[in-house]
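Presented below is the structure to which this report refers.
The values are calculated or read from the model by the stated rules, or taken from the named source; none is laboratory data. In this text the structure is predicted, and so the values were computed from the model without any measurement. Because the Cβ atoms are built from the backbone with ideal geometry, glycine has one as well, and the counts that use them run over all protein chains shown. Keep in mind that these areas ignore ligands, DNA and RNA; they rest on the heavy atoms of the full protein, side chains included. Shrake-Rupley method; radii C 1.70, N 1.55, O 1.52, S 1.80 Å.
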Amino acid sequence: MKWRFSTILLLLISFSSIAQVNFETTINNAVYYTNLEDAGDVYYGVDYTTNECQIYKSDYSLWKTISIVPPTNTTLYDVAYVTTKLFNGDSQVELLAVFSKYVMTSDTSGYLVYSTKIINEAGVPFLTLEGAGYSTVYNLSNGQSKLLCFVYDFSVSPYTVTTNIYGIPGSVSSIPEQTGLFLGNAFPNPASAQ
């Protein structure tokens, strides 16, 4: 009886030790997962010092590097929707990039100005939208997909926001990233002591 109990206990311990979290690799920068229609599972991260989006295959080898050219006097703020065929029908990788700049005013306060670009893997933009910060993609019940871009004007108080809506050929069903970009609050003034 002791032998059976010991054997069963040993088998349970050996099976449970197989199902552990195993370290696989470290990638510089924060990385996210997406599934590209033409390439399969990939990870992507953004190097904000070089303004590049680096895409890694599922074996963690570097697959592509996309240079993102910020508009004059702006900083790359975030990247989302690294996809193929979401924004157009070709097989090139495309992404949505958000940029920001801080505008100082004479009363020592200031405000942020955002802009959004959708670019392909060659860095060629096919949508540029001044003022757009938060963007998200929705699939509608009729099978269409829409890109919603919130356009902010923080130069006035209270600030204003409008939404530009674009029809797009792809859908978000193949990618897990459905929440868009969160900008956070543009106030208080980051240059103040608050």
| remark: Checked the range 144-178 for anything open to solvent by 30 Å² or more (accessible area, probe 1.4 Å), under 15 Å from L86 (Cβ atoms) and either out of contact with any Lys or Arg (no Cβ under 8 Å at 6 or more places or on another chain) or at pLDDT below 90 (or both); matches are Q144, K146, L148, S171, S173, S174, P176, E177, Q178
| Is it true that D90 is of a type in the set (D, E, K, R), touching a residue at least 24 places away in the same chain (Cβ under 8 Å), open to solvent by 10 Å² or more (accessible area, probe 1.4 Å) and part of a loop (DSSP other than H, G, I, E, B)? | yes
| Of all residues in the range 108-125 being open to solvent by 40 Å² or more (accessible area, probe 1.4 Å) and among the polar types (S, T, N, Q), the one that is nearest to E52 (Cα to Cα) | S109
| Members of the range 62-84 that are out of contact with any Phe, Trp or Tyr (no Cβ under 7 Å at 6 or more places or on another chain), in a strand (DSSP E or B) and more than 17 Å from Y134 (Cβ to Cβ) | K64, T65, I66, S67, T83
| Is it the case that some residue within the range 67-87 is within 22 Å of Y166 (Cα to Cα), surrounded by fewer than 20 Cβ atoms within 10 Å (Cβ to Cβ) and of a type in the set (G, A, S)? | no
| remark: Going through the range 34-50 in order, the residues found to be surrounded by 14 or more Cβ atoms within 10 Å (Cβ to Cβ) and part of a strand (DSSP E or B) are T34, N35, L36, V42, Y43, Y44, G45, V46, D47
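In the list T50, T34, T72, T65, which residue meets the criterion of being over 13 Å from the mean Cα position of the chain (by Cα) and modelled with pLDDT under 95? Show your work before the answer.
On the way: T50 fails: modelled with pLDDT under 95; T34 fails: over 13 Å from the mean Cα position of the chain (by Cα); T65 fails: modelled with pLDDT under 95.
From the options T50, T34, T72, T65, the qualifying one is T72.
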| note | Of (1) among the β-branched types (V, I, T); (2) open to solvent by 40 Å² or more (accessible area, probe 1.4 Å); (3) touching a Leu at 6+ places or on another chain (Cβ under 6 Å), T128 fails just (3)
| Which residue pairs have Cβ atoms closer than 6 Å, lie 6 or more positions apart in sequence or on different chains, and pair a first residue in the range 51-64 that is closer than 14 Å to Y33 by Cα and open to solvent by less than 50 Å² (accessible area, probe 1.4 Å) with a second residue that is in a strand (DSSP E or B) and basic (K, R)? | I55/K64
